[in-house]
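Heads up, the thing below is written out as structure tokens.
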Amino acid sequence: MRWTEFFIPTTKEVPKDAVVASHQLMLRAGLIRQLAAGVYAYLPLGYRALRKIENIVREEMNSAGAIELHMPCLQPLELWEQTGRTQAMGDVLLRLAGPAGDWRTQTCLGPTHEENVTEIVKAYVSSYKQLPINLYQIQTKFRGEARPKSGVLRTREFLMKDAYSFDRDKAGLDVSYQKMYDAYCRIYTRCGLPYIAVEAESGPIGGDASHEFMVLTEAGEDYVAMSENGDYAANTERATCAPPRISAAPLTGSGAALSEIHTPGAGRVEDVCKLLGTTPAHMIKTLIYRTATVEATSHRKGAASGPPARVIALVRGDHDINDHKLAKISGLRLELADPRTIEELTGAAVGFAGPQGLFDRLRPGEQLIIDRDVEVMTSAATGANRTDYHVDGVVPGRDFPLESRGESGAAVKVADIRNVVDGDASPTGSGSPLRLRKAIEVGHVFKLGTKYTAKDSLDATFLDADGKPKPFIMGCYGIGLNRIMAAAIESRHDDGGIIWPMSIAPFEALIVALDPRDAQVMSTAAKIHDELAAAGVDVLYDDRDERAGFKFKDADLIGIPLRIVVGRKSLAEGVVEMGRRAGGEAVKLPPSEAVGRATALVRELRG
RNA sequence: CGGGGCGUAGCUCAGCCUGGUUUAGAGCGCUUGGUUCGGGACCAAGAGGUCGGAGGUUCAAAUCCUCUCGCCCCGACCA
């Protein structure tokens, strides 16, 4: 391909809206063009890279036994109502607008395709003899992201590979899941991504096991907790750490009475610490939750009614509650209580709650959930349950219970309900400290089980060998293709531009002709171009009538892995120069040898 | 949804506070001619803008006021 016959709109200046490196470089290199917030066009160079990624994904999915199909973007809302996800998705589900009763109001743009595949499999797969089966597609997804950001990393429209496995039983799912997990590792390796697989929170989608594939980078928006010795890695949504050491001294307390301290207006931990002369680590945060008002988890009729249940959660002042953990421990879908509920329970304004005495005010079925690190505190400061007052000297076990007493009916639980922090010990017991790193999620694998196939969902069953209908056991597996591209650029660039890995580079080799007016230079460059192309190398030939410096800058920017420079000076010595964008010395070699050497190198680096 | 910032030429921005010498500017990019030619050259001449939109104040609005739309960042949310 000749540059002058292609379309590569590079720019020298950085558009002001671009903040992260991948976004800036993708714009400058002419890979993408923004049309609206979170909506991008892929220009020819960007599209070539995207298609290379797509091909790698397709090859690995096929070789893992998955079968490609293509499902529609337009989906009937009814399908989503059957699984209760119109509510669960909320604003993420993009609906079409139209007059009341119009078909448009009954249609949405698919953010994912669990319902759609399940419907297909339900219709056509009726016997265990047809299982297992894994169907996948590479499709445009639409999501009403509240805040698109970081260029192509978080968008409202994106390309995703989504696969769905259907198995006869859990053992089959384990096999299907592992196949996908392994295929994902091969995909990221082939794409040249420095990825890690971490334990992940499966979220409202349900399921009992889940891994995310992450690329560590400051541009990411997830946090991964990794132990220094590498024996543990998990998304912070899920990460746990070794339990705190129980202090040796029995916690009977000093016997000292609680002392109330006037702390006017100090509702926040830092403010209180200042007034009390203590540190957050010596405080207990008391958070009041209540069961969620919106029954987002259930579309079934007759779900929980009556007054909302309250849950008191305690964590150390320097820790943060992890809502996923809290939800799991409590078994309830919770939200932070409104001020009125808090005042009613504590008798104080928001910001002055403390655990002492509160437990006795809970009704049967309500809960006090104590973080492990609070259990082992010897004495703590916390809210006094009196507006503008805090207390010091609160002793767990003495001033509030650490286990259920039975008669009251309200439960006490001690558990890990906080986010890990930098320096926590690895949960493996190795004692290695955890470090928090920012990361981009480039893929996610779930074990779904029967969430979509169960009777109260889409009721998708097959006849097992025993002649009885059973729900399919599902798994789902997603890869964000645009994110792979951005993540590759995030992790592989320098001041000059992108450094593509050979496998996903829009072109594999770039020929730069330095003296466009010199007939011999041009004919030599053209000959190398033609022969490389004939050898199956994706080659771009910069035949523009530009100065050398200008061409070199563009070459660095668009980051083609292999560069062959044809110039009058070196040609006078009978050589051309071949070098790699990734670095290292360029080698001089006769034009006649260039094609062979370049072809061999390209093949070697394709992976 | 809360907080902050920004909308002036394809791109980066100045002008706005303090309305009128501005017939709206600069640099990059683009066109034409010339000189240059191994790391984003130079000279000369050009093309290109409903100043995001609507309404208002005023003799007069890019500039002041109101509303509105869009984009970016932080937070909330999030398969």
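A:M474 is checked against (1) within 11 Å of RNA strand B (Cβ to nearest atom); (2) under 32 Å from the mean Cα position of the chain (by Cα) and fails just one. What number does that condition carry?
All conditions pass for A:M474, except number (1).
Pick from A:P132, A:P111: which is open to solvent by less than 20 Å² (accessible area, probe 1.4 Å) and either within 14 Å of RNA strand B (Cβ to nearest atom) or within 30 Å of A:A465 (Cβ to Cβ) (or both)?
Residue meeting the stated conditions: A:P111.
Checking A:D542 against (1) over 21 Å from A:C191 (Cβ atoms); (2) within 12 Å of RNA strand B (Cβ to nearest atom); (3) among the charged types (D, E, K, R); (4) free of Cβ contacts under 8 Å to residues at least 40 places away in the same chain: exactly one of these is not met. Which one?
Going through the list (1) over 21 Å from A:C191 (Cβ atoms); (2) within 12 Å of RNA strand B (Cβ to nearest atom); (3) among the charged types (D, E, K, R); (4) free of Cβ contacts under 8 Å to residues at least 40 places away in the same chain, A:D542 breaks only (4).
What are the residue pairs meeting all of these: first residue in the range A:577-603, first residue farther than 12 Å from A:L532 by Cβ and in the same structural domain as A:H529 (by TED's automatic domain parsing), second residue open to solvent by 40 Å² or more (accessible area, probe 1.4 Å) and assigned to a loop (DSSP other than H, G, I, E, B), Cβ atoms under 9 Å, and 6 or more apart or on different chains?
Partner pairs satisfying both residue conditions: A:E577/A:A586; A:G579/A:E585; A:G579/A:A586; A:R580/A:A586; A:A582/A:R492; A:K588/A:E573.
Yes/no per residue for (1) open to solvent by less than 60 Å² (accessible area, probe 1.4 Å); (2) more than 25 Å from A:F213 (Cβ to Cβ); (3) in contact with a helix residue (DSSP H, G or I) (Cβ under 9 Å, 6 or more places away or on another chain):
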| position | (1), (2), (3) |
| --- | --- |
| A:L94 | yes, yes, no |
| A:T107 | yes, yes, yes |
| A:L159 | yes, no, yes |
| A:A163 | yes, no, yes |
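For the range A:1-58, give me the residue count where each residue is assigned to a strand (DSSP E or B), open to solvent by 20 Å² or more (accessible area, probe 1.4 Å) and either near RNA strand B (Cβ under 9 Å from one of its atoms) or assigned by TED's automatic domain parsing to the domain that holds A:N482 (or both). Break it down stepwise before answering.
Start the filter on the range A:1-58 by keeping residues that are assigned to a strand (DSSP E or B), which leaves A:2, A:32-36, A:39-42.
From what's left, open to solvent by 20 Å² or more (accessible area, probe 1.4 Å): A:2, A:33-36, A:39-42.
Within this subset, residues satisfying the condition of being either near RNA strand B (Cβ under 9 Å from one of its atoms) or assigned by TED's automatic domain parsing to the domain that holds A:N482 (or both) are A:33-36, A:39-42.
Qualifying residue count for the region: 8.
Is at least one residue of the range A:482-504 among the hydrophobic types (A, V, I, L, M, F, W, C), more than 13 Å from RNA strand B (Cβ to nearest atom) and open to solvent by 30 Å² or more (accessible area, probe 1.4 Å)? Show your work before the answer.
Our first condition is that a residue be among the hydrophobic types (A, V, I, L, M, F, W, C); within the range A:482-504, this holds for A:484-489, A:498-500, A:502, A:504.
Now restrict to residues that are more than 13 Å from RNA strand B (Cβ to nearest atom): A:485, A:488-489, A:500, A:502, A:504.
Retained after the next criterion (residues that are open to solvent by 30 Å² or more (accessible area, probe 1.4 Å)): none.
For the range A:482-504, residues among the hydrophobic types (A, V, I, L, M, F, W, C), more than 13 Å from RNA strand B (Cβ to nearest atom) and open to solvent by 30 Å² or more (accessible area, probe 1.4 Å): absent.
Is one or more of the residues making up the range A:527-535 farther than 22 Å from A:F6 by Cα and open to solvent by 10 Å² or more (accessible area, probe 1.4 Å)? Spell out how you get there, then give the answer.
We begin by selecting, within the range A:527-535, every residue farther than 22 Å from A:F6 by Cα; these are none.
No; the residues of the range A:527-535 include none that is farther than 22 Å from A:F6 by Cα and open to solvent by 10 Å² or more (accessible area, probe 1.4 Å).
Can you tell me which residues in the range A:357-376 are in a loop (DSSP other than H, G, I, E, B) and buried (at least 21 other Cβ atoms within 10 Å of the Cβ)? Can you show your working first?
We begin by selecting, within the range A:357-376, every residue in a loop (DSSP other than H, G, I, E, B); these are A:357-358, A:362-366, A:376.
A:L358, A:E366 - these are the residues of the range A:357-376 that are in a loop (DSSP other than H, G, I, E, B) and buried (at least 21 other Cβ atoms within 10 Å of the Cβ).
Looking at the range A:454-473, which of its residues are more than 14 Å from A:K129 (Cβ to Cβ), assigned to a strand (DSSP E or B) and not hydroxyl-bearing (S, T, Y)?
Keep residues of the range A:454-473 that are more than 14 Å from A:K129 (Cβ to Cβ), which gives A:454-461, A:468-469, A:471, A:473.
Pick out the ones that are also assigned to a strand (DSSP E or B) and you get A:461, A:469, A:471, A:473.
Listed by number, the residues that qualify are A:P469, A:P471, A:I473.
Could we say that A:T86 is within 13 Å of RNA strand B (Cβ to nearest atom) and within 30 Å of A:K553 (Cβ to Cβ) here? Working first, answer last.
On the way: within 13 Å of RNA strand B (Cβ to nearest atom): yes; within 30 Å of A:K553 (Cβ to Cβ): no.
So A:T86 does not fit the description; no.
The values are calculated or read from the model by the stated rules, or taken from the named source; none is laboratory data. Owing to the predicted nature of the structure, the values given are computational and were not obtained by experimental measurement. Here the Cβ is made from the backbone with ideal geometry for all residues, glycine too, and neighbour counts use every protein chain on show. With ligands, DNA and RNA removed, areas are computed over all heavy atoms of the protein, side chains included. Shrake-Rupley method; radii C 1.70, N 1.55, O 1.52, S 1.80 Å.
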